[in-house]
Amino acid sequence: MRLSVYCAENYNISRRQAKEAVKNGLISINKSIIKKDIEIDGTENITADFTIKQLNYNLADYLLYQDDNYVFLYKPPFLHSERLHIDDDLTISDIYKNFPDYNSLSRLDYEADGIIGMINKNIKINNISKSYYAFVNGEFPKYIEIAKKIDAVNKKKVKVLDNNDDGFPAVMKKVKFNGKISLIEVTLEKAARHQIRAFSDYLNHSIIGDKIYNGLQFKRLCLHCFKYTINDKTFYCHQKTELFLHMYDTFKYK
């Protein structure tokens, strides 16, 4: 067994956090600090020189729905999907721990909000579909189907490959236009990282508040997942969606 695996299982942290703890000299074997993720047999005296941060939260603030097959969670804006460091604040990955029999199926960007789906580990995935609302600059076309490949080598900003039309598909359509920004609806069945953000920028209609893809300055990224379908189960987060749409109706320009 790798040392990081042991630490992840015994200290209730992720493998990434465990590797970071080892690298930073926070793990000792037989009272000697170890900075390499070595193989162990489990009989060693292993100790950790860190304290797991106590996370206080109300699960009801995040749980939208649960049955034997599916879980739907709400991720608010400004909440990371994954804990990178041991002393980080709450992340969605911490919420997942309440549902050990389910696998998460997607993630949302830090400043975005909306539904995240989970499925029972014993259930086969036949299809997934997600629908989003976004505020974008300018008057968006009435309807666009786009299927471009995405180069995600750069971890910060992905690139839409212009000369390829057999990539990740998206259906994008205008819902409203207020004279400066459009409210659009986007539906994805197979998603790539930053897909909606990159496609919007590629079409010269960047999402409002998108600091990476040339969006107009705003307090947050205006992207919200309002509908999530897994197999034959569809879920909406009506109350959260109403708040997001109200933000469009009362939008204040910088």
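Just to confirm a number: summing +1 for Lys and Arg and -1 for Asp and Glu over residues other than Lys149 whose beta-carbon lies under 11 angstrom from that of Lys149, what do you get?
Overall, the nearby charge balance is -2.
Can you say what percent of the DSSP beta bridges in the chain, counting only those with both residues inside, are antiparallel? Round to 5. Kindly include the intermediate steps, with their values, before the conclusion.
On the way: 53 of 55 bridges.
Approximately 95 percent, going by the DSSP bridge assignments.
Where Lys and Arg each count +1 and Asp and Glu each count -1, what net charge lies around Tyr102 among other residues with Cβ under 11 Å from its Cβ?
Spelling it out: positives minus negatives among the neighbours equals -1.
Give the label of the value calculated from the structure for Cα Rg over 2.2 N^0.38 Å, choosing from (1) 1.08; (2) 1.16; (3) 1.01.
So the structure-derived entry is (2).
Tally Lys/Arg at +1 and Asp/Glu at -1 over every other residue whose Cβ is under 15 Å from the Cβ of Glu20; what's the total?
Within the 15 Å Cβ shell, the charges total +4.
Going down the list Lys53/Lys219; Lys159/Lys211; Lys121/Lys157; Lys75/Lys156, which pairs span over 23 Å between their C-alpha atoms?
On the way: Lys53/Lys219 28 Å; Lys159/Lys211 15 Å; Lys121/Lys157 32 Å; Lys75/Lys156 21 Å.
In this structure, Lys53/Lys219; Lys121/Lys157 exceed 23 Å between Cα atoms.
So what is the relative contact order of segment 132-254, in percent, for Cα pairs below 8 Å that sit 6 or more residues apart?
Relative contact order comes out at 25 percent.
According to the square roots a ≥ b ≥ c of the eigenvalues of the Cα gyration tensor, what is the shape class of segment 161-226, taking rounded for a/c under 1.5, prolate for a/b larger than b/c otherwise, and oblate for the remainder?
Because a/c hits 1.5 or more and a/b exceeds b/c, segment 161-226 counts as prolate.
If you average the C-alpha positions of segment 4-35 and of segment 83-142 separately, how far apart do those two centres end up, in angstrom?
First find each Cα centre; the distance between them is then 28 Å.
Among 202-210, 117-125, 55-63, how do they line up from the highest to the lowest mean number of other beta-carbon atoms within 10 Å?
202-210, 117-125, 55-63
Just so you know, all these numbers are worked out from the coordinates, no wet-lab data involved. The structure displayed is predicted, hence computed values, not measured ones. We place every Cβ from the backbone using ideal geometry, glycine too, and count neighbours over all the protein chains shown.
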